[in-house]
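Only one structure is covered here, and it is reproduced in the block below.
Just so it is clear, none of the values below were taken in a lab; they were calculated from the coordinates. The model shown is predicted, which means the values in this text are computed figures rather than measured ones. All Cβ positions, even for glycine, are placed from backbone atoms using ideal geometry, and neighbour counts span all protein chains on display.
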Amino acid sequence: MQHIKTIIRTTLLFLVSCVMVSCGEIVVKKTIDPKVANFTAEYDQDFEGVLYPSMLLALANSDEGLERPLFQVSVTAPSNNAVLRVVIDSTLLNYVSITQETLPKKGERYTFEPVIKWKYESLYKLKQQGNMVLTFTCFINDEEVDLKNVKLNFRPVNECLMSQVGVDGKYHDYRWLFAAYVNEDHPKIDGMLSEILSQGIVTTFDGSRSEKKVDNQMRAIWFYALNRGMAYASITCTSNGSRKSNSQYIRFFDDVYNNRQANCIDACVFFSSIMRKAGMYPLIFVEPCHAYLGYYTDKSKKKIALLETTITGWVNLPELDAHYDEATRKLEDKYYQKIAKYLTDKQKNSYEARGMTLEEIKKAVANNLFDRASEYQKENYNNNKVFFADTLQPTYKMLDIEVLRKHVSPIPAVDN
């Protein structure tokens with residue numbers, strides 16, 4: 001009997017040494033020292049704790065991703081072939097995400113890039129900045145070892161990172177992210193193309209590489225934009241206070257279509273979206289403080305035409321509708337004077353002699369402005385052509401949307 005009591009006492013002492021009971025919870029004694037594992041979770045220091053949803057959406061389908069990972073976790077193996085599991089808690093922007101790896105050699109330091117399952121529709125709907133905390137919990141051999149919190153400031157989805165100076169002083173160019181705002185898949189575009197065809201300027205959009213046909217198709221798209229009253233609005237600033245990163249507010253296709261306002265880059269991505277859907281090959285030329293549109297006009301992609309999209313804001317064609325007299329085929333003089341400077345002498349004489357239909361007036365103005373927009377940047381482009389060809393210089397960039405589309409996805413249209 002005494003022998004049995006001794007066995008029971010010994011067993012109880014063993015269990016107590018392995019288990020601590022507190023507030024009704026059983027806590028298993030840890031066998032892995034957190035100091036030995038030295039688990040860390042970090043967000044790329046170059047981003048200064050700022051998360052850009054537009055970047056995450058742009059690279060959602062990319063196999064290559066960034067030139068370096070945004071998040072890294074590191075740990076020292078406490079034993080040979082230890083199994084690491086990192087669990088990232090869910091937040092308003094991500095689902096619970098788990099990364100599991102094997103740590104082959106005891107004492108070695110290992111670094112991994114955890115896969116985070118983002119809530120992409122939530123990212124798209126971010127219209128204002130905010131703050132969040134990502135919690136990374138480290139498990140080794142199913143034992144919870146440590147956890148780290150990473151604080152982030154997320155930006156509105158319309159904010160596009162343009163450039164950045166890293167902690168090592170190196171310059172990083174992110175203007176390729178402009179391609180993410182070009183959305184040829186937008187559901188409105190099919191209907192728009194039908195409307196453009198109904199204007200009678202072209203009968204089809206076939207992606208033809210005939211220079212004349214490409215020119216006519218572009219004129220048709222241009223007339224559509226002017227006839228909707230697209231105005232120039234220079235809104236570019238953001239609330240991003242970083243001294244090392246440069247970002248810009250970019251309107252989505254919906255924003256430009258509904259509000260009929262655009263700055264240089266807004267208009268470039270708007271036109272590019274329609275052009276891509278129509279089978280054309282848009283280019284965006286980015287210079288210091290400005291961007292303008294380009295496009296290939298031949299099958300060999302050697303001939304480039306240019307278009308200064310901000311010229312759409314020089315006139316307001318829709319306002320003419322209420323000030324045109326069908327009987328006299330004339331505009332009220334105040335409104336005629338607004339557009340007369342965009343008519344040729346021959347067109348002015350024709351207007352004065354017999355008048356013009358409202359449609360004839362609008363198309364004449366649009367065509368003449370298209371010619372000006374096509375010539376507007378030619379000298380500038382020719383002067384800077386050498387810089388556009390040099391991919392290593394940081395200031396001038398030619399963004400070929402077709403080429404970038406292999407890595408940069410369009411940010412999708414999601415109902416808010």
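For the stretch 34-154, go through all pairs of different Cα atoms, get the mean of 1/r, take its inverse, and jot down that Kirkwood value in Å.
One over the average 1/r among Cα pairs gives 15.2 Å for the stretch 34-154.
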Could you give me the percent of Cα pairs per 5 Å distance bin for the stretch 166-404, shortest bin first, beginning at zero and ending with the bin that holds the maximum distance? 1, 6, 13, 17, 18, 15, 12, 8, 5, 3, 1, 1, 0, 0, 0
Listed with the fewest Cβ neighbours within 10 Å leading, T395, T312, T137 appear as T395, T137, T312
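Given a Förster distance of 35 angstrom, what is the FRET efficiency for A327 paired with S198, based on the Cβ-Cβ distance and rounded to 0.05? Let's see the in-between values first.
Numbers: r = 26 Å, r/R0 = 0.74.
That pair, A327 with S198, gives E of 0.85.
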Order of C268, C138, C289 - criterion: other Cβ atoms within 10 Å of each residue's Cβ, fewest first: C289, C138, C268
Which residue fluctuates most in the GNM of the chain (Cα springs below 10 Å): N258, N183, N61? N258
Cut-off under 18 Å on the C-alpha distance; same-chain residues fewer than 8 positions from K346 excluded. Which aspartates and glutamates are left, in chain and number order? E359, E360, D371
Only counting other Cβ atoms within 10 Å, I'd like L317, L147 sorted with the fewest neighbours first. L147, L317
With just the Cα atoms defining each centre, how far is the stretch 255-289 from the stretch 104-147? Give it in Å. 36 Å
Degrees separating the helix 345-354 axis from the principal Cα axis of the chain, which is the longest one: 60 degrees
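Please pull out the direction-averaged projected area of the chain, using the convex hull of its alpha-carbon atoms, in nm² to one decimal place. Please list the in-between numbers first.
Values: hull surface 118.0 nm².
Computing the convex hull of the Cα atoms and averaging its projections yields 29.5 nm².
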Under the Karplus curve 6.51 cos²θ - 1.76 cosθ + 1.60, θ = phi - 60°, whole-Hz ³J(HN,Hα) for the stretch 194-205, x wherever Gly or Pro sits: 5, 4, 5, 5, 5, 5, x, 7, 10, 9, 7, 10
With the chain treated as a Gaussian network of Cα nodes joined by springs under 10 Å, which of K397, K30, K119 yields the largest mean-square fluctuation? K30
Rounded to the nearest 0.05, what FRET efficiency do V403 and N81 have when you use their Cβ-Cβ distance and R0 = 41 Å? 0.40
Springs between alpha-carbon pairs under 10 angstrom, Gaussian network model over the chain: which of Y174, Y124, Y110 fluctuates most? Y110
Nearest 10 degrees, 0 to 90: what angle lies between the long axis of helix 358-376 and the longest principal axis of the chain (Cα atoms)? 60 degrees
To the nearest 10 degrees, how steep is helix 211-227 against the longest Cα principal axis of the chain, on a 0 to 90 scale? 80 degrees
